[in-house]
Amino acid sequence: MADGWNNRGERRACGGNPGASWHVKGAGDFNGNGKSDILWQNDNGQAAIWLMDGTTELSGAFVGGNPGPSWHVKGAEDFNGDGKSDIVWQNDNGQAQIWLLDGSSVLSGDLAGAIPAQRGTSIGRECPHGIFTADPDARTDGVLA
């Protein structure tokens with residue numbers, strides 16, 4: 001049976017309700033198998049991923065260290081073109097950060113640009129969830145708050 005967590009962030013058997021402190025933040029293909037997986041975030045800031053096969057959970061894992069409750073998952077997109085989703089974060093102060101992932105392993109995490117001057121500022125072609133691409137390579141280029 002795959003491993004998951006309970007609402008206190010402790011490991012438990014997967015497949016059920018993870019508790020009220022866990023929130024679905026998005027979906028993406030985190031393991032590159034062509035199927036969507038579920039991205040979660042706990043109220044304490046910890047992110048986690050359930051790798052899925054349709055509606056069947058294959059496994060669950062925490063992602064990286066806990067950045068704390070001032071960082072919020074904003075989406076999942078493939079930022080480095082490796083065919084696997086990465087995580088976009090935003091701090092309460094407006095700063096964005098991108099975690100490049102390989103499955104649930106963080107390869108790198110870097111701040112993205114400067115704090116936006118105002119909400120809704122647009123650069124290039126806007127895409128769903130405030131994520132945009134500014135050129136025709138189809139790779140995500142940034143995030144708007």
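The values are calculated or read from the model by the stated rules, or taken from the named source; none is laboratory data. All of these numbers come straight from a predicted model, not from anything done at the bench. Ligands, DNA and RNA are excluded from the accessible area calculation, which covers all protein heavy atoms including side chains. Shrake-Rupley method; radii C 1.70, N 1.55, O 1.52, S 1.80 Å.
Numerical summary
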| read-out | value |
| --- | --- |
| The stretch 7-105: relative contact order as a whole-number percent, Cα under 8 Å and 6+ apart | 22 |
| Per residue solvent-accessible surface (Å²) - the stretch 10-85, probe of 1.4 Å | 45 |
| Exposure of residue 37 as accessible area (Å², to 10), given a probe of 1.4 Å and all protein chains | 0 |
| Rounded percent of accessible protein surface that carbon and sulfur make up, the stretch 24-112, 1.4 Å probe | 48 |
